Ligand code: ADP
Ligand code: MG
Ligand code: ZN
């Protein structure tokens, strides 16, 4: 039965997808254009906006997937004005809704907001408005908890529906339904009842999360399986992606940040992301000691001081904010020129969202990630509770270890999209550096050595952290853990890459232990280590090299000059790089 249902859904979504939704001959097409021009004061639609608008006006359930800043709000704000009745907008963040109400009001579009903390009179007014047959209000914004927790609200909404006045339900940040998304909100689960409670009312979900996994989950939760999915490209051609080697000492690391802020990004605005509250405070303080104007932002700060930091950054008093991921949704600054990840993100999804806050104005901006093996454990010890989290983290690590493929291509794979090599325009560290001499190392014997060390440690009831494993490998650790072979003929930095690579490929696994104060990640043999003694066992790793990156001189300003200057000084990329097609999916040993 489920198979039949799945097949029907598949056929349904395929036939829906085959319709040209971007047409301009619908009965509402003229009105749509007029409202775009006269009310929203915009000249034209951005990619896929018109498709989203036509499909929802046709009464279809749809999911709109567009990167942040692409213009998802218009996809429900504009249709709301085309037909009579009320559009309910469900959104998780009050500040985002307040912004929208402000801009709608400025355009004389009647809209209201109700949250679980709204004053009593306002709630009563909104409840009455749902029953009111002649209300002028076109858009009503509510938080999911308002819906989930207020029976009265739902009862009145039902009356609105019964009176034929519930035009559409828009659910912003719809990935919040799914535990697979990066931002799960329990109250979003409640939205599953909407499609059966209000049959024939089109649901329009909007998100910047594009993975099939999350999108399928969202459809299931909302009970709109097989609905139309409208997806625009996730490529951000104006963002330059770069991995920078993170030094071992905090001191050196701060020097890099200092240089970047003082020279490369002089006078520009940006964000420095880190993964703990303490780190964000420490880093901000160190940078201030070096004369930089930076703010600090994290979840443990009072709402009021958070607002102050945010606006000081907006006004360019602060050059940068050192923040945890708490500094996220609702950032609406178009001229963010740099995003520095002092610590890696916990997934590619998060990385894309965080780095995507740069360059909303379409001008060149840079996304620089400081990576070093040790940071894997900083993150893993925080997220290890689910296997999905670990997979996500290792996806991020693969991106950092990559020295072979265009970074855009890796991001595109993540979003199940094909941007192709040509779309990068040398706007990543791999493409802007010639890749003619890629070094590969064979890991077969190294795997055997590591396996030997781990076996030996286990027989002595000793647990090894990655650092201790490295020491034993380099014959510098405790004598009783040493192997009989030679130390590796490469640097410790490269050895760190090997350990990280083996983790992402399942040859090593992390094993978490708890002390009273912290969680420690030890290294154990992974399932794939069993195959190292097979006769045909082979494992290669491409050695990445860090490309030059000028910390002391201003970053290129425009897209053209960057592409140009690289053309002049660097040889053309050899043919063979272009042809490598499937970057992430490399042959894996059997599990
Ligand atoms: P998202 O929700 O996808 O992150 P928003 O809806 O907040 O994006 O829109 C981002 C910005 O893009 C807003 O300032 C909005 O006015 C602008 N915008 C949206 N659609 C268009 C368009 N067709 N033409 C020009 N600007 C647009
Ligand atoms: Mg939005
Ligand atoms: Zn590239």
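If you scan segment 230-253, which residues turn out to be over 19 Å from the mean Cα position of the chain (by Cα) and surrounded by 19 or more Cβ atoms within 10 Å (Cβ to Cβ)? Break it down into steps so the answer makes sense when it comes.
Of the residues in segment 230-253, the ones over 19 Å from the mean Cα position of the chain (by Cα) are 244-253.
Result: 244, 246.
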Exactly one of (1) in contact with a strand residue (DSSP E or B) (Cβ under 8 Å, 6 or more places away or on another chain); (2) within 16 Å of ligand 2 (Cβ to nearest atom); (3) closer than 22 Å to residue 184 by Cα is unmet by residue 111. Its number? (3)
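Take the residues in segment 363-381 that are in a helix (DSSP H, G or I) and within 18 Å of the chain's Cα centre (by Cα), then tell me which one is farthest from ligand 3 (Cβ to nearest atom).
380
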Could you go through segment 462-469 and let me know if any residue there is exposed (fewer than 14 other Cβ atoms within 10 Å of the Cβ) and closer than 27 Å to residue 399 by Cα. no
Answer from 360, 307, 288 - the residue that is assigned to a loop (DSSP other than H, G, I, E, B), out of contact with any strand residue (DSSP E or B) (no Cβ under 6 Å at 6 or more places or on another chain) and farther than 24 Å from residue 376 by Cα: 360
Only one of (1) part of a helix (DSSP H, G or I); (2) closer than 29 Å to residue 378 by Cα fails for residue 244. Which number is that? (1)
Exactly one condition in (1) within 16 Å of ligand 2 (Cβ to nearest atom); (2) modelled with pLDDT under 95; (3) more than 25 Å from residue 190 (Cα to Cα) is false for residue 43; which is it? (1)
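Among what's in segment 495-553 and is part of a strand (DSSP E or B) and out of contact with any helix residue (DSSP H, G or I) (no Cβ under 8 Å at 6 or more places or on another chain), pick the residue that is surrounded by the fewest Cβ atoms within 10 Å (Cβ to Cβ). So that I can check it myself, show each step before the final result.
At the first step, the residues of segment 495-553 found to be part of a strand (DSSP E or B) are 508-514, 519-525, 540-543.
Those left that are additionally out of contact with any helix residue (DSSP H, G or I) (no Cβ under 8 Å at 6 or more places or on another chain): 511, 513-514, 522, 540, 542.
On the way: 511: 14, 513: 11, 514: 9, 522: 19, 540: 11, 542: 18.
Among residues in segment 495-553 that are part of a strand (DSSP E or B) and out of contact with any helix residue (DSSP H, G or I) (no Cβ under 8 Å at 6 or more places or on another chain), the one surrounded by the fewest Cβ atoms within 10 Å (Cβ to Cβ) is 514.
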Yes or no: segment 354-375 includes at least one residue that is out of contact with any helix residue (DSSP H, G or I) (no Cβ under 8 Å at 6 or more places or on another chain), free of Cβ contacts under 8 Å to residues at least 60 places away in the same chain and at negative phi. yes
For segment 25-66, name all the residues that are under 23 Å from residue 103 (Cα atoms), in a helix (DSSP H, G or I) and in contact (Cβ under 8 Å) with a residue 40 or more places away in the chain. 31, 32, 35, 36, 39, 52, 56
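Does residue 126 count as more than 28 Å from the chain's Cα centre (by Cα) and either in a loop (DSSP other than H, G, I, E, B) or under 26 Å from residue 307 (Cβ atoms) (or both)? Quick ask: steps written out before the conclusion?
On the way: more than 28 Å from the chain's Cα centre (by Cα): yes; either in a loop (DSSP other than H, G, I, E, B) or under 26 Å from residue 307 (Cβ atoms) (or both): yes.
The answer is yes for residue 126.
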Hits in segment 184-207 (condition: within 16 Å of ligand 2 (Cβ to nearest atom) and touching a strand residue (DSSP E or B) at 6+ places or on another chain (Cβ under 7 Å)): 204, 205, 206, 207
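One line per residue, one yes/no per condition, for (1) at pLDDT 95 or above; (2) out of contact with any strand residue (DSSP E or B) (no Cβ under 8 Å at 6 or more places or on another chain):
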residue: 480; (1), (2): no, yes
residue: 483; (1), (2): no, yes
residue: 504; (1), (2): yes, yes
residue: 520; (1), (2): yes, no
residue: 523; (1), (2): yes, no
Go through (1) part of a loop (DSSP other than H, G, I, E, B); (2) within 30 Å of residue 355 (Cα to Cα); (3) at pLDDT below 90 one by one and return the number of the condition residue 20 breaks. (2)
Output for segment 479-494, where each listed residue is touching a helix residue (DSSP H, G or I) at 6+ places or on another chain (Cβ under 9 Å), within 22 Å of residue 246 (Cα to Cα) and assigned to a helix (DSSP H, G or I): 492
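The values are calculated or read from the model by the stated rules, or taken from the named source; none is laboratory data. Because the structure is predicted, anything quoted here is derived from the model rather than measured. Using ideal geometry, Cβ is built from the backbone for each residue, glycine included, and neighbour counts are taken over all protein chains shown.
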